[in-house]
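Inspection log for the structure reproduced underneath, given as structure tokens.
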Amino acid sequence: MKKMSRTGSKIHRRLTLLAAVGLLSGVATTAIGDIQIGEVADTKISIYGILDAGLLYQDKVTTDGDRKLGVETSGRSPTILGFKGSRTLDNDWNAFFNLEAHFDLDTGMFHGSGDAETDADDGSGRILFRRQANVGLSGDWGTAIIGRQYSPAVLAHLATEPRAFKEQFSNTYAWAYSQLFTTVNDSAGLAGRNANNDVGFFFKNAVQYRHNLAGIDFGILYAFGGQEGSTAEGDVVSVGAAYTAGPLTLSGSYQNMRDQQTSENLVTSWASGAAYNVADWTFKAHFMNTENQDATGAEVLDLDALGFGVDWKWSPKNSATVAYYINEDKAPSTSAESKSLVLSNDYNISESTILYAQMAYVDVDDMGIVSQFATSIVANPAPVDEKTTLMNVGINFAF
């Protein structure tokens, strides 16, 4: 691979730092338990969480062939601690709130975030409720949520992404890194900024409407740019829907983020997926395209991410998954593709405790930094122009 430019080196340092502090989050995993800890003024307050840690082995960390074995936080799902409350109102309405923090079990520190560094709540990891900090109302008419919250686009694909956007060895990272580059406006030298975006998974300054109609569960989110004199600069639109009919599930989504100075489109992403269940088998296919531009409209990334998978519940306590990912950045003039085969098994010791084992074989082309991260299925991307094996075993405890 050719020597990196000064700008490329800055990008690499920035993204390596973000990966090292655990930038990325998984999906909106709901803990099995929901422990009510009090009731104040007719408001029921609950606590819940997921603790996940294990060991991760990687046979090649660099192109020099260095190996690595260490403790890995959040191998299957993010490690979280959450609080929520609900209150019954007149007319069968409900008021509720969600506060959800994300931390690393190996260090006890708050998880880093993908928020723009120069924003008041930057990416230093000091954000207390990185995943959710919102309040809302619900009724027969649907649900309205205000505050920092999950993207309805990513929620739409939980049943159709081959590994349900698990924290490691899935297209969690293709989704997240591909929706990060042009929205942080940092020292990497990539012009563009949207401070509402946290790797395409979480949005702040947002209002969302959710409902389920005739088997279609959908959400529509708008994050306000908050810029003087313009409603377009810095805003986000995110839409996601999933339709379930018997054994078939179909999903679709769209997200668009605009620069908060030029109102140019920075990130445009759409995805579709399908899942079909037959007895103990569930077959899945998922496709995503994400395009990144800088604040002037120049192309930075054009990612196609395709995944296939099958889940097999081979005993009452065991579920195995085989998944294959082909992720390609079409922006470079030369090939920039990664191919990944993933094998995993979850052993349910109890309803809320899982022992898991998972491995990935990753084949990465010779490519630039942006492509390397955007096509990755792991937080710290496998080295380019190499074939790498990763193995992870751990325990997932929910309450």
Do we have G219 as touching a residue at least 24 places away in the same chain (Cβ under 8 Å), assigned to a strand (DSSP E or B), open to solvent by less than 10 Å² (accessible area, probe 1.4 Å) and closer than 19 Å to G147 by Cβ here? yes
Taking region 48-70, which residues are free of Cβ contacts under 8 Å to residues at least 60 places away in the same chain and surrounded by 13 or more Cβ atoms within 10 Å (Cβ to Cβ)? K68
State all residues of region 212-262 that are at positive phi and among the hydrophobic types (A, V, I, L, M, F, W, C); if no residue qualifies, say none. A214
Residue list for region 133-156, filter: within 11 Å of the chain's Cα centre (by Cα) and part of a loop (DSSP other than H, G, I, E, B): S151
Residues within region 234-250 that are within 24 Å of the chain's Cα centre (by Cα) and open to solvent by 10 Å² or more (accessible area, probe 1.4 Å), tallied: 9
Do we have any residue at all in region 73-84 that's free of Cβ contacts under 8 Å to residues at least 24 places away in the same chain, basic (K, R), open to solvent by 60 Å² or more (accessible area, probe 1.4 Å) and farther than 20 Å from Y356 by Cα? no
Within region 1-117, strands (runs of 3 or more DSSP E) holding 2 or more residues that are at pLDDT 90 or above: 43-58, 68-73, 80-88, 94-102
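The values are calculated or read from the model by the stated rules, or taken from the named source; none is laboratory data. Nothing here was measured: the structure is a model prediction, and the numbers come from that model. Virtual Cβ from ideal backbone geometry, glycine too; neighbours counted across all protein chains shown. Each accessible area value is taken on the protein alone, full model and side chains, heavy atoms only, with ligands, DNA and RNA left out. Shrake-Rupley method; radii C 1.70, N 1.55, O 1.52, S 1.80 Å.
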